[in-house]
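Some notes on the structure that comes next.
The values are calculated or read from the model by the stated rules, or taken from the named source; none is laboratory data. Computed from a predicted model, the values in this text were never measured in an experiment. Because the Cβ atoms are built from the backbone with ideal geometry, glycine has one as well, and the counts that use them run over all protein chains shown. Keep in mind that these areas ignore ligands, DNA and RNA; they rest on the heavy atoms of the full protein, side chains included. Shrake-Rupley method; radii C 1.70, N 1.55, O 1.52, S 1.80 Å.
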Amino acid sequence: WRCVVDLITVTQKENQEFVVNVRKHEVTSDMSVADGGQDHGPQPVELMVGALGACLGKAIARYCQTIKCSSEGIALYLAFQLADDPKRVASITIDVELPEGFPEERKAAVKRIVHSCPVHNTLCNPPEIDLEIND
């Protein structure tokens, strides 16, 4: 992995809706109507859990290439539960669908792939967060 130097910018569009800009990409994040938003995009926690799934999917696809197996058809289904005090994701359940014909003897290795995922490793070893308020 390289050192990330691209600036990620998050700006308020309106109310609970924010736009996340990463390089040339734009993602809208909003809260559900029940939580005071307009539901114009995934909630921030959903984006985080989705990032975990995307990172794991990429790692599994790379592993498939390494063992010369098709990666077509990989799917990850993620569900999470929230906890309070402090408000956080308490648990994440991930069901993985591997490509058709994936070798049975390689499935145990897929479980170990989670440890090569930077998002998973970040969730297990939280980074220091330095918050500064500009004048």
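Taking the Cα centre as origin and putting +1 on Lys and Arg beta-carbons and -1 on Asp and Glu beta-carbons, what dipole magnitude results for the chain, to the nearest 20 debye?
Working: 13 positive and 20 negative charges, 178 e Å.
Computed about the Cα centre, the dipole is about 860 debye.
Proximity of backbone amide H atoms, modeled 1.01 Å from N, is registered between Gly37 and Met31, Ser32 at under 5 Å, excluding neighbours fewer than 5 places apart on the same chain. For a straight C-alpha distance cut-off of 18 angstrom, the lysines reachable from Lys107 (same-chain residues fewer than eight places away being disregarded) are Lys58, Lys68. Listed values for region 20-29 are Karplus-derived 3J(HN,Hα) couplings in whole Hz (6.51 cos²θ - 1.76 cosθ + 1.60, θ = phi - 60°), namely 9, 10, 10, 6, 9, 9, 10, 10, 9, 10, and x replaces Gly and Pro. With θ taken as phi - 60° and the Karplus curve 6.51 cos²θ - 1.76 cosθ + 1.60 applied, the whole-hertz 3J(HN,Hα) list for region 96-102 is 10, 10, 8, x, 4, x, 4 Hz, x standing for glycine and proline.
Ratio of region 69-134's C-alpha Rg to 2.2 N^0.38 Å, to two decimals?
1.53
Evaluated with a Cβ-only charge set (Lys, Arg +1; Asp, Glu -1), region 62-118 carries a dipole of roughly 300 debye about its Cα centre, given to the nearest 20. Of the GluC sites (Glu not before Pro) found in region 5-103, those that fall in a DSSP loop while having at most 15 other beta-carbon atoms within 10 Å are Glu72, Glu100.
Summing Lys and Arg as +1 and Asp and Glu as -1 over all other residues whose Cβ lies under 15 Å from the Cβ of Pro44 gives a net charge of -2.
Summarising the amide proton neighbourhood of Cys69: residues at separation of 5 or more, or on other chains, whose placed amide H is nearer than 5 Å comprise an empty set. A simple rule links phi to the HN-Hα coupling: the Karplus curve 6.51 cos²θ - 1.76 cosθ + 1.60 with θ = phi - 60°, which for region 55-60 gives 5, 5, x, 4, 5, 5 Hz, with x for Gly and Pro.
Projecting the Cα atoms of Phe102, Cys69, Gln38 onto the charge dipole of region 33-105, computed from C-beta unit charges around the Cα centre, puts Cys69 farthest toward the positive end. Taken over the alpha carbons of region 25-135 as equal point scatterers, the Debye sum produces base-10 log I(q)/I(0) values at 0.15, 0.24 Å⁻¹ of -0.80, -1.37.
Accessible surface for Ser70 stands near 70 Å², nearest 10, in the context of the full protein assembly shown (1.4 Å probe).
Only protein atoms count toward the accessible area here, which uses a 1.4 Å probe; on region 1-101, the carbon and sulfur part of that area reaches 52 percent.
When the Cα positions of Val27, Ala59, Ile8 are compared along the charge dipole of the chain, Ala59 comes out farthest toward the positive end, with charges on each C-beta of Lys, Arg, Asp and Glu.
What full-extension length gain, to one decimal in nm, is calculated for Lys24 and Lys68 as 0.36 nm per residue of separation minus the Cα-Cα distance?
Numbers: separation 44, 0.36 × 44 = 15.84 nm, distance 3.25 nm.
Gain in length upon complete extension: 12.6 nm.
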